[in-house]
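The values are calculated or read from the model by the stated rules, or taken from the named source; none is laboratory data. Computed from a predicted model, the values in this text were never measured in an experiment. Note that we place each Cβ from the backbone using ideal geometry, even for glycine, and neighbour counts take in every protein chain shown.
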């Protein structure tokens, strides 16, 4: 606001001074020149009459001579000042228009409006820095889960495009450098209801700067940063950045999981998929030798995971110095049929097109398919505009950076219990994951689930508190029941985790008791989520279902009912 005032005064100082001087000269001149009233008596305009006349004269409204017809002397003076006043007003109006067209002034107005909208956010929110493909997916995910966000994006045209979207326009947005301290503060970095900072720009150094600034200004605030450089990632970890997300490491780890257990990979994919998306079918990776084209940041991480899994690989790259660490390597481009044949594509079981160019990756897939159509095809996709081409190429697995980062960040910020659940699953036998998959299939019905966290505290604990007064145990089955109907109709959901203090129970039984302070992670349909929260908001419904009978409403009637139950 101080900058807006300073810019206004700097640009409008001369026009305002001229306007006041000309207006004052004209007004006092009219007051000093004698006129005549209707009876021929000498009459001098008072202050209000002179100011009123000069105001409508200078703005060219032209109401006429007041309060009486002017004398020749008055008309001669008006004739001398009318053009001076009109010119001064035109100059002032032009200066005002120039001020509003000034890029810096408009930027300051946008900042002030942004700060005001951020201050109006009464709910917990995240600051999202960078709103490209990844940031937009995160924003949609937060919106679906009822969370708020403030946005900082350097590209002004990107902000304008989002403001045209009826859903996205409700979030406060600022076109600025997210690494700037003032921008982060205006985005609500120090607000008590700010949950954390999510930085997903395409520049690792910018993400590093944002993470450093956030941690310096609010050391305890959660920071989630996207990073693809090992050096910068190590730097982020050194000053306690909470989560450093490398999409290539994530994909390589998941690919390594797929080579060890296809069913665990499948269940993990179901639970981290975008809600409502079609579920992937189980597709075990074939056993045998694989070909990896491109040893950049993506290909090298995938090759490392496959070597750790004991899978034979042949690598292809134009940079000869990168090939020395691999016993089976071919120098050249994977886009050429001769290079692929030299790598032994005829007897390979799969190929991974992992270069940094989408066109080259598509060319590798098409060339490889022409030689050996039975291969398992995996490709890296960099630009979202090429999604239709990659889908048309019928590639089994596609590594999309924006999807990988968005899914990981949404899982971390919206369902914090999901990560320990997935880590627990990795250490279980395949039979445990198969049993979980069989439980999920009838609940999900072919579509990725919604995940939600139930905190049994505050307003959500009212029903549990009432039940405890009647010595009635509330079980997970009571929450999984549709309390709007009298018959036994279960909701399409499954409880994945129950957290009580420092203890976590994975896949708890329906008969497990719920207590105040518990946290439960559920997976299921969005309707089941709504019904659960509705049941928790109505203590009588929860109490009646847990007790197995319809209990009276109201504290007095419940007290009377309890007294009757206690009689011998």
Filter result (under 23 Å from residue 383 (Cβ atoms) and not in a helix (DSSP H, G or I)) within region 105-151: 128, 129, 130, 131, 132, 151
If you take the residues of region 360-382 that are within 38 Å of the chain's Cα centre (by Cα) and part of a loop (DSSP other than H, G, I, E, B), which of them is surrounded by the most Cβ atoms within 10 Å (Cβ to Cβ)? 375
The residue that is nearest to residue 419 (Cα to Cα), considering only those in region 243-276 that are assigned to a loop (DSSP other than H, G, I, E, B) and touching a strand residue (DSSP E or B) at 6+ places or on another chain (Cβ under 7 Å), is 275
Residues of region 277-294 classified as touching a helix residue (DSSP H, G or I) at 6+ places or on another chain (Cβ under 9 Å) and in a strand (DSSP E or B), total: 4
Residue 321 meets each of (1) over 20 Å from residue 285 (Cα atoms); (2) touching a residue at least 24 places away in the same chain (Cβ under 8 Å) with one exception, condition (2)
Region 512-527, subset assigned to a loop (DSSP other than H, G, I, E, B) and touching a residue at least 40 places away in the same chain (Cβ under 8 Å), residue surrounded by the most Cβ atoms within 10 Å (Cβ to Cβ): 518
Filtered residues of region 200-222 (kept if under 22 Å from residue 119 (Cβ atoms) and surrounded by 15 or more Cβ atoms within 10 Å (Cβ to Cβ)): 210, 213, 214, 218, 221, 222
Meets criteria (touching a helix residue (DSSP H, G or I) at 6+ places or on another chain (Cβ under 7 Å) and part of a strand (DSSP E or B)) for residue 440: no
Mind checking whether some residue in region 339-359 is surrounded by fewer than 18 Cβ atoms within 10 Å (Cβ to Cβ), in the same structural domain as residue 252 (by TED's automatic domain parsing), in a helix (DSSP H, G or I) and touching a helix residue (DSSP H, G or I) at 6+ places or on another chain (Cβ under 6 Å)? no
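Can you tell me how many residues in region 217-230 are out of contact with any helix residue (DSSP H, G or I) (no Cβ under 9 Å at 6 or more places or on another chain) and either assigned to a strand (DSSP E or B) or without any contact (Cβ under 8 Å) to a residue 24 or more places away in the chain (or both)?
Looking only at region 217-230, we keep the residues that are out of contact with any helix residue (DSSP H, G or I) (no Cβ under 9 Å at 6 or more places or on another chain), and these are 218-220.
Pick out the ones that are also either assigned to a strand (DSSP E or B) or without any contact (Cβ under 8 Å) to a residue 24 or more places away in the chain (or both) and you get 219-220.
Residues meeting the conditions: 2.
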Taking the conditions exactly as written (closer than 19 Å to residue 235 by Cβ and in a helix (DSSP H, G or I)), does residue 212 satisfy them or not? yes
Complete set of residues in region 42-60 that are farther than 14 Å from residue 28 by Cα and in contact with a helix residue (DSSP H, G or I) (Cβ under 8 Å, 6 or more places away or on another chain): 57, 58, 59, 60
Enumeration of residues in region 181-199 that are more than 21 Å from residue 406 (Cα to Cα), surrounded by fewer than 18 Cβ atoms within 10 Å (Cβ to Cβ) and in contact (Cβ under 8 Å) with a residue 24 or more places away in the chain: 181, 185, 190, 191, 193
Give me the pairs, please: first residue somewhere in region 35-60 and closer than 21 Å to residue 85 by Cα, second residue anywhere and surrounded by fewer than 11 Cβ atoms within 10 Å (Cβ to Cβ) and modelled with pLDDT under 90, beta-carbon distance under 6 Å, and either six or more positions apart or on two chains. 56/63
Just one of (1) buried (at least 19 other Cβ atoms within 10 Å of the Cβ); (2) in contact (Cβ under 8 Å) with a residue 60 or more places away in the chain; (3) farther than 24 Å from residue 355 by Cα trips up residue 247, so point out which. (3)
List the number of the failed condition for residue 329; all other conditions in (1) touching a residue at least 24 places away in the same chain (Cβ under 8 Å); (2) more than 24 Å from residue 402 (Cβ to Cβ) hold. (1)
Might you let me know whether region 398-409 holds any residue that is surrounded by fewer than 16 Cβ atoms within 10 Å (Cβ to Cβ) and either in contact with a helix residue (DSSP H, G or I) (Cβ under 9 Å, 6 or more places away or on another chain) or in contact (Cβ under 8 Å) with a residue 12 or more places away in the chain (or both)? no
Here is a check on your reading of the model: is residue 70 in contact with a strand residue (DSSP E or B) (Cβ under 9 Å, 6 or more places away or on another chain) and part of a loop (DSSP other than H, G, I, E, B)? yes
Please specify each residue of region 276-296 satisfying the condition of being at pLDDT below 90 and crowded, with 19+ Cβ neighbours inside 10 Å. 285
